[in-house]
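The structure appears right after this line, and notes come after that.
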Amino acid sequence: MTTQPPPQGNPFAQNQPQAPQQPQGQNPYAQGQPGFPQQAGQPGQPGFPQQGAPYAPVPPQPARRKPSFKTIKNIVIAVVVVGVAVGGYIASRDDADTAAVGDCMHRGSTSDTDPDLEVVDCGDSKAQYVVLAKIKGSYSALTAESKCTEAAKDFQYSYTESGSGSDFLLCLKDK
């Protein structure tokens, strides 16, 4: 004896015509005619991507964060360090080590051991000395006098600088 499967659809809809049923074992969501696969290029259901679509939904962009206090602090420190370095470079451009023959110098200190010589414009009222010779090397006070006598006969003062990586001797006279 064979039993019939229960009827599909609404069991309470008695004596009503039933909608045509999909044969068992078939995909109830298949497009096109029953028993035939959907042809390439045919549109799928409206509002849904075709099965096997080559794209995925784009995730939303993350919200942009505000810079943290630590980041801002590090940027400020970097700017200050660069400012100090640039300021130090500019301030050191007028030191005695940048002097050349013919430059005028100003003595910024009364100390004999550290006269703080700096290059100034020769037309400036601060100009006190003129550089007659600049000789590279390390010299004692005695050898500096003899070197300046050889290089510039009418010199009046000698200035030696050593230990900063560039040892030299300046032979100077009053302006």
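The values are calculated or read from the model by the stated rules, or taken from the named source; none is laboratory data. Computed from a prediction, not measured in an experiment: that's the story for all the values here. Surface areas here come from the heavy atoms of the whole protein model, side chains and all, with no ligands, DNA or RNA. Shrake-Rupley method; radii C 1.70, N 1.55, O 1.52, S 1.80 Å.
Can you list the HN-Hα couplings for the range 104-121, worked out from phi with the Karplus curve (6.51, -1.76, 1.60; θ = phi - 60°), rounded to whole Hz and with x for Gly and Pro?
9, 10, 10, 8, x, 9, 8, 6, 6, 7, 9, x, 6, 6, 9, 6, 9, 5
Would you please give the residues with an amide H less than 5 Å from that of VAL120, counting only those at least 5 places away or on a separate chain, with H modeled from the backbone geometry?
Correct list: CYS104, MET105, HIS106.
What is the range 52-175 by shape, rounded, prolate or oblate, if you read a ≥ b ≥ c off the alpha carbon gyration tensor as root eigenvalues and call it rounded for a/c under 1.5, prolate for a/b larger than b/c, and oblate otherwise?
prolate
Whenever you get a sec, compute what percent of the accessible area on the range 58-115 sits on carbon and sulfur atoms (1.4 Å probe).
C and S atoms contribute 63 percent here.
Got a sec to turn the phi values of the range 145-153 into Karplus ³J(HN,Hα) couplings, 6.51 cos²θ - 1.76 cosθ + 1.60 with θ = phi - 60°, whole Hz, x for Gly and Pro?
Once θ is set to phi - 60°, the couplings for the range 145-153 become 4, 5, 5, 5, 5, 5, 7, 9, 5 Hz.
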